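The structure appears below as structure tokens.
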Amino acid sequence: MMTETLIAKITKANGLNRIEVDHESVEDVLGGGWAINEDRATYVSHILGDIPGEGIRYAYRVKNIRQIAPPGTWDNKRTRVFFDLEPAPELAHLIGQPSPVGKTKLTDP
């Protein structure tokens, strides 16, 4: 079965402050609110957290899909998927490595 790893660019505007200032768990920040269709979500096996300028900092395995919020329930435009996560020791070798995803337009350093 083909699986997919999602890579989240974590900036102050989209989760880093929630982790560092509000002390929200990394699992909740990385696992919540993905704009992805339900069929595709079933293939997601891992989520990596990439902090621009620092590289990959977090590696998690998807335990299951916790919730699927159809358009209009959480946000008016897209289905949102929330995953339950657990540490992924099999991807620990990626921690500290540069992101495999090229630069994107980020307004928040």
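Out of everything in the range 47-66 that is within 11 Å of the chain's Cα centre (by Cα), open to solvent by less than 30 Å² (accessible area, probe 1.4 Å) and of a type outside the set (F, W, Y), what residue ends up being farthest from I19 (Cα to Cα)?
V62
Restricting the search to the range 30-46, which residues are more than 16 Å from K9 (Cβ to Cβ), open to solvent by less than 30 Å² (accessible area, probe 1.4 Å) and of a type in the set (V, I, T)?
Hit for the range 30-46 is V44, nothing else.
Using the structure shown, decide if R40 is over 22 Å from A92 (Cβ atoms), in contact with a Phe, Trp or Tyr (Cβ under 8 Å, 6 or more places away or on another chain) and either in a strand (DSSP E or B) or not small (G, A, S) (or both).
For R40, the condition - over 22 Å from A92 (Cβ atoms), in contact with a Phe, Trp or Tyr (Cβ under 8 Å, 6 or more places away or on another chain) and either in a strand (DSSP E or B) or not small (G, A, S) (or both) - is not met.
What about T5, is it open to solvent by 50 Å² or more (accessible area, probe 1.4 Å), under 20 Å from R80 (Cα atoms) and touching a residue at least 24 places away in the same chain (Cβ under 8 Å)?
Against the criterion (open to solvent by 50 Å² or more (accessible area, probe 1.4 Å), under 20 Å from R80 (Cα atoms) and touching a residue at least 24 places away in the same chain (Cβ under 8 Å)), T5 qualifies.
Every residue in the range 8-29 that is in a loop (DSSP other than H, G, I, E, B), open to solvent by less than 90 Å² (accessible area, probe 1.4 Å) and within 21 Å of D84 (Cβ to Cβ), please.
Hits for the range 8-29 are I10, G15, E24, S25.
Being closer than 18 Å to A8 by Cα, at pLDDT 85 or above and open to solvent by 70 Å² or more (accessible area, probe 1.4 Å) is the filter here; which residues of the range 67-88 pass it?
The answer is P87, and nothing else.
The values are calculated or read from the model by the stated rules, or taken from the named source; none is laboratory data. Because the structure is predicted, anything quoted here is derived from the model rather than measured. Backbone-built Cβ (ideal geometry, glycine too); neighbour counts: all protein chains shown. Just so you know, the surface numbers come from the protein's heavy atoms only, side chains and all, with ligands and any DNA or RNA stripped out. Shrake-Rupley method; radii C 1.70, N 1.55, O 1.52, S 1.80 Å.
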